[in-house]
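Below is one structure, written out as structure tokens; comments come after it.
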Amino acid sequence: MLGDLYASSMDIAAYLRRIGMDPQRYDRRLHPELPPSPTDYSMPQTKESLDLLINAHLHHVPFENLDIYDLRKEVSLELPALFQKIVVQKRGGYCFELNALFFALLEGLGFRAYPIAQRVLLGEAFAPLNHRAAVVTLESTRERLLCDVGFGGPMPVTALHLECGAVQQSGKLCFRLDTDFRRGLRRLILVGRKKEIPLMLFSAAPVDPVDFIPLNTYMTCHKKSIFYCNRILNLLREGGSVAVINDRLRIHHNGRLEERPIASRAELKRICVDYFGIPEESLAEF
């Protein structure tokens, strides 16, 4: 149902526990000093709160396209289905799933937010709209912040100031935002020591959740989609990250890379359990 694409009743406490946060700290019934929200839970409406949410999400909820690549399923973007998959079953998802549910969490905590659609530029000169993120406007300052918990590559681990053209540090990486004057669109750029790498091209205008349905069909079912053609998993960990690219496991830890092949479906399932925290019972279809 299309109505299930939009904000609905959701167990905010369970979602906060899923990303390793203590719901009692954000329970307005226990802390009346917290700002108002549509639910019993809220947070101070600050960049620091957004940074905390984003970083926690990236360390607990994996980016993964197992449904798309291994099961050839067109995933649902309906919020009840996403909550069941990501929070209850402790799976992950790809950007349209992760950022849709995260957007609902932001709204449930009282943040003023809207979704945007982006083009990932890595490997393509002008890709189709293939990514979802969110823009949050802080009530006190009217600052707009770019928030993303669903990009499986080098990504900010905090919110970024959307209107700031200066270099912004996020974790160990640096980024900046500028405008592509040929199209008047915003660009997100990874700033390295020797070169800059454009990551995203986007308009900061709102996109309605229903408009992601045809994009989701393309990304999950089209044979030229990167997610249809490649198995991709990624999760931040203390000191680095762990990833699966097709049939190879890649572990980054304290600046070192360990890489090895994945020999079987059984080994892949064990990696999902041991490295990505997905319960074995949630992998029964695999």
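Answer with yes or no whether residue 11 is open to solvent by 70 Å² or more (accessible area, probe 1.4 Å), within 17 Å of residue 106 (Cβ to Cβ), in contact (Cβ under 8 Å) with a residue 24 or more places away in the chain and of a type in the set (Asp, Glu).
Spelling it out, residue 11 is indeed open to solvent by 70 Å² or more (accessible area, probe 1.4 Å), within 17 Å of residue 106 (Cβ to Cβ), in contact (Cβ under 8 Å) with a residue 24 or more places away in the chain and of a type in the set (Asp, Glu).
For the stretch 205-227, check the following and say yes or no: at least one residue is touching a Phe, Trp or Tyr at 6+ places or on another chain (Cβ under 7 Å), surrounded by fewer than 16 Cβ atoms within 10 Å (Cβ to Cβ) and more than 22 Å from residue 73 (Cα to Cα).
Looking for residues that are touching a Phe, Trp or Tyr at 6+ places or on another chain (Cβ under 7 Å), surrounded by fewer than 16 Cβ atoms within 10 Å (Cβ to Cβ) and more than 22 Å from residue 73 (Cα to Cα), one finds at least one in the stretch 205-227, hence yes.
Do we have residue 98 as in contact with a Gly (Cβ under 7 Å, 6 or more places away or on another chain), modelled with pLDDT under 95 and closer than 20 Å to residue 234 by Cα here?
In short, no.
Anything in the stretch 60-97 that is part of a helix (DSSP H, G or I), open to solvent by 10 Å² or more (accessible area, probe 1.4 Å), over 23 Å from residue 241 (Cα atoms) and without any contact (Cβ under 8 Å) to a residue 24 or more places away in the chain? List them, or say none.
Residue satisfying the conditions is 84 alone.
I'm checking my understanding of the structure. Among residues of the stretch 158-170 that are closer than 20 Å to residue 115 by Cβ and open to solvent by 20 Å² or more (accessible area, probe 1.4 Å), which one is nearest to the chain's Cα centre (by Cα)?
Per the stated criteria, the residue is 158.
Within the stretch 276-283, can one find any residue that is within 24 Å of residue 97 (Cα to Cα) and either among the aromatic types (Phe, Trp, Tyr) or in a strand (DSSP E or B) (or both)?
yes
Quick one: which residue in 285, 281 is at pLDDT below 95 and either within 22 Å of the chain's Cα centre (by Cα) or under 12 Å from residue 91 (Cβ atoms) (or both)?
Among 285, 281, only 285 is at pLDDT below 95 and either within 22 Å of the chain's Cα centre (by Cα) or under 12 Å from residue 91 (Cβ atoms) (or both).
Do we have any residue at all in the stretch 260-274 that's touching a strand residue (DSSP E or B) at 6+ places or on another chain (Cβ under 9 Å) and over 19 Å from residue 91 (Cβ atoms)?
Looking for residues that are touching a strand residue (DSSP E or B) at 6+ places or on another chain (Cβ under 9 Å) and over 19 Å from residue 91 (Cβ atoms), one finds at least one in the stretch 260-274, hence yes.
Being over 26 Å from residue 76 (Cβ atoms) and modelled with pLDDT of 95 or more narrows it down to one of 161, 131, so name that one.
161
Only one of these is open to solvent by 10 Å² or more (accessible area, probe 1.4 Å) and either touching a Ser or Thr at 6+ places or on another chain (Cβ under 6 Å) or among the β-branched types (Val, Ile, Thr) (or both): 135, 120, 149. Name it.
Only one candidate qualifies: 120.
Give 28, 17 a once-over and let me know the one that is in contact with a strand residue (DSSP E or B) (Cβ under 8 Å, 6 or more places away or on another chain), more than 22 Å from residue 117 (Cα to Cα), charged (D, E, K, R) and modelled with pLDDT of 95 or more.
28
Within the stretch 175-184, work out how many residues are open to solvent by less than 40 Å² (accessible area, probe 1.4 Å) and either modelled with pLDDT of 95 or more or under 21 Å from residue 153 (Cα atoms) (or both).
3
How many residues does the stretch 263-286 hold that are among the aromatic types (Phe, Trp, Tyr) and open to solvent by 20 Å² or more (accessible area, probe 1.4 Å)?
Selection size over the stretch 263-286: 2.
The values are calculated or read from the model by the stated rules, or taken from the named source; none is laboratory data. Since the model is a prediction, treat every value here as computed from it, not as a measurement. Methodologically, a virtual Cβ is constructed for each residue, glycine included, from the backbone with ideal geometry; neighbour enumeration extends over all protein chains shown. Each accessible area value is taken on the protein alone, full model and side chains, heavy atoms only, with ligands, DNA and RNA left out. Shrake-Rupley method; radii C 1.70, N 1.55, O 1.52, S 1.80 Å.
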